[in-house]
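Worksheet: one structure, shown below.
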2 protein chains.
Amino acid sequence: MTDTTRLPTREGVIEAAERIAAILPPTPLLPVEIYGTRCWVKAENLQPIGAFKIRGAWNRLSSLNDEERTMGVVAVSSGNHAQGVAWAARRLGIAATIVMPADAPSVKLEGTRSLGAKIVTYDRHGEDRDVVAEKLIEESGGVLVHAFGDPWVIEGQGSAGLEAEAQLGRQPSRFIACCGGGGLTAGLALACPDAAVIPVEPEGWDMVGQSLAKGDLVHAQIDAPKTICDALQPTATKQINLDLLMGRSEPGVAITDDEVRAAQRFAFTQLHIVVEPGGAAALAAALAGKVPLDEATVLMVTGGNVDPDAFAETIRTTS
Amino acid sequence: MTDTTRLPTREGVIEAAERIAAILPPTPLLPVEIYGTRCWVKAENLQPIGAFKIRGAWNRLSSLNDEERTMGVVAVSSGNHAQGVAWAARRLGIAATIVMPADAPSVKLEGTRSLGAKIVTYDRHGEDRDVVAEKLIEESGGVLVHAFGDPWVIEGQGSAGLEAEAQLGRQPSRFIACCGGGGLTAGLALACPDAAVIPVEPEGWDMVGQSLAKGDLVHAQIDAPKTICDALQPTATKQINLDLLMGRSEPGVAITDDEVRAAQRFAFTQLHIVVEPGGAAALAAALAGKVPLDEATVLMVTGGNVDPDAFAETIRTTS
């Protein structure tokens with residue numbers, strides 16, 4: 001049985017990058033000028049499933065042994081990890097069951113279903129998604145593919161950092177990355193030991209930033225405010241992620257819905273890419289002047305799975 | 001004086017590709033599945049000015065001699081060539097005057113102005129843009145940078161073909177490319193001698209397709225129908241373009257506004273990129289089943305400079 005309690009390593013990131021390069025072309029590193037500073041956008045929204053989550057999912061599922069593959073996989077996700085797991089499962093011929101919030105954007109629910117996964121929905125405000133998943137695993141014997149607290153998933157997400165380093169021709173000075181549970185940020189910290197990693201989270205949902213400041217896990221408040229960043233609302237990070245980020249991260253940054261919408265508009269008009277709210281968090285922090293920038297700074301743009309009507313509303317210039 | 005009557009060559013395309021690679025990262029070649037066939041999208045809408053026109057403009061302007069640079073340049077464009085010339089002129093410290101239709105999308109007018117070019121507008125339905133440009137050139141002594149009938153411009157656009165070939169690891173079987181005056185299609189034909197090149201044009205504006213069928217230049221009808229493809233309405237191609245395409249092109253294809261909008265929506269939901277109407281023409285032809293596809297087919301997605309309100313209207317699922 002694969003051991004999910006092992007610690008992720010830089011060697012593991014390098015192996016993950018090789019596995020991923022064998023099936024996915026690199027996403028582009030696009031030049032961008034922000035307040036006169038030229039820096040870089042790593043456009044992970046251009047992955048086949050529209051999000052970086054395909055990396056960790058592929059790395060995890062392709063590392064399962066034959067017995068585990070037969071049992072199938074179970075994942076819990078607001079939508080992008082779901083599509084990553086469904087995509088990898090279909091390629092590998094593994095059955096996938098995904099626990100998703102009933103109010104996930106319909107593009108994410110439909111995207112996951114169209115990739116052949118079985119979806120079980122839960123009420124984000126009334127049910128504990130981990131309990132739903134545990135019950136499914138008990139029933140099916142399937143393997144849990146955690147969205148961020150898993151060594152293969154962390155190593156897989158870290159491959160984006162190695163790709164950016166190769167494209168830039170040097171280690172980035174700093175990654176600015178949206179942060180939900182901390183899978184991507186932990187992976188980037190592992191991948192590029194000389195780079196700072198700044199997690200960007202929605203106001204009131206900055207559990208990683210607060211945990212880093214306290215040096216211990218902090219859980220979200222039950223009355224945490226609403227955010228349009230549907231992908232960035234985990235209730236807490238995990239110790240495995242926190243350990244990798246401690247001492248490696250500049251302080252975390254929190255952004256507002258309006259800052260996120262401004263970043264989505266900037267990406268539309270200046271970069272000609274479609275970015276979902278959570279995927280625009282790093283760009284939002286940069287445009288809001290909340291993070292330092294230089295010519296070796298990489299802004300992770302992580303997802304593009306956005307409801308068309310919500311996106312239309314965001315980019316419209318007239319009301 | 002640079003000789004604009006010389007014939008473009010494959011050597012010239014190779015030199016252009018080197019000049020362009022020195023200042024612009026390659027645009028991504030994105031995998032896409034259409035009706036079960038995996039083929040490729042060359043995402044030129046991700047260029048800094050949001051269109052492939054930056055290639056030809058940079059190749060032309062960086063090839064001017066010192067005297068020509070002092071006199072400045074004059075271009076005629078519906079918007080994307082305008083931004084390409086303005087971008088290149090600013091980098092090289094050359095004065096640029098651009099003749100643009102008064103009804104060009106405001107994003108293109110503003111984009112060109114913000115790059116420091118002087119804009120002279122004309123009435124698309126009442127004035128001859130070439131006469132306006134000639135008068136400007138007489139007054140200023142500036143050098144005309146033709147949008148498609150110029151050897152350096154054709155060679156510059158062809159560099160996109162060499163880039164795609166390098167990314168694919170072989171010559172494409174076929175380029176499917178939107179076509180206005182025929183600068184890009186002629187450049188691709190030069191760049192990759194073993195590839196077919198299919199020009200895609202709006203219905204009623206298929207002047208290249210008609211010229212290829214007749215073997216001689218055909219001009220647009222005065223009462224040609226309206227099209228949302230503002231970038232694809234030249235009155236005719238030029239002999240230099242037609243000569244390069246004759247015998248190299250499969251028959252041209254014409255597409256409708258509805259097919260173009262469907263392609264813009266597909267690019268939004270499946271590829272997470274922003275594509276303007278003219279830039280979506282090749283994808284429209286593929287989705288409409290009007291062109292053959294295989295695993296070495298490259299669809300050129302050429303521009304992303306679209307009015308936000310028009311784009312919002314196109315992607316909305318409710319009216």
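Coordinate-derived values only; no laboratory data. Since we're looking at a predicted model, the values are computed, not measured. With ideal geometry, Cβ positions are generated from the backbone for all residues, glycine too; neighbour counts draw on all protein chains shown.
Details
- Counted residue by residue at 0.36 nm each, then reduced by the alpha carbon distance between them, the extension gain from A:Glu33 to A:Val131 reaches 30.7 nm.
- Fraction of alpha-carbon pairs over 19 Å apart in segment B:55-145 - percent: 33 percent
- Each copy carries A:Asp128; placing its label point 7 Å along the C-beta direction from Cα gives inter-copy distances of 8.1 nm, listed from smallest up.
- Amide hydrogen neighbours beyond the local backbone of A:Val120, cut-off 5 Å, H modeled: A:Ile98, A:Val99, A:Met100
- Cβ-based exposure ranking for B:Ile14, A:Ile255, B:Ile49, in which fewest neighbours within 10 Å come first: B:Ile14, B:Ile49, A:Ile255
- Cross-link pairs B:Lys53/B:Lys118; A:Lys214/A:Lys290; A:Lys108/B:Lys108; A:Lys290/B:Lys53; A:Lys42/A:Lys290; A:Lys42/B:Lys108 - those with Cα-Cα distance over 24 Å: A:Lys108/B:Lys108; A:Lys290/B:Lys53; A:Lys42/B:Lys108
- For segment B:96-140, the fraction of C-alpha pairs more than 18 angstrom apart is 27%.
- In this rough spin-label picture, where each label sits 7 Å from Cα along the Cβ direction, the B:Asp309-A:Thr4 distance is 5.1 nm.
- Label spacing, shortest first and in nm, from A:Pro292 to its equivalents in the remaining copies (7 angstrom along Cα→Cβ): 5.8
- Chain B: C-alpha gyration tensor shape, a/c 1.5 cut-off, then a/b vs b/c: rounded
- Percent of beta bridges antiparallel (DSSP, chain A, rounded to nearest 5): 20 percent
- For the pair A:Arg316 and B:Met246, label points projected 7 Å from Cα toward Cβ lie 5.2 nm apart.
- Separation between Cα centres of segment A:42-106 and segment B:216-239, rounded to whole Å: 47 Å
- For A:Leu144, the residues whose modelled amide H falls within less than 5 Å of its own, excluding neighbours fewer than 5 places apart on the same chain, are A:Val74.
- Inter-copy label distances for B:Asp103: 4.6 nm (label point placed 7 Å from Cα along Cα→Cβ; shortest first).
- Global size of the protein assembly as shown as Cα Rg and Dmax, reported in angstrom: 25.3, 83
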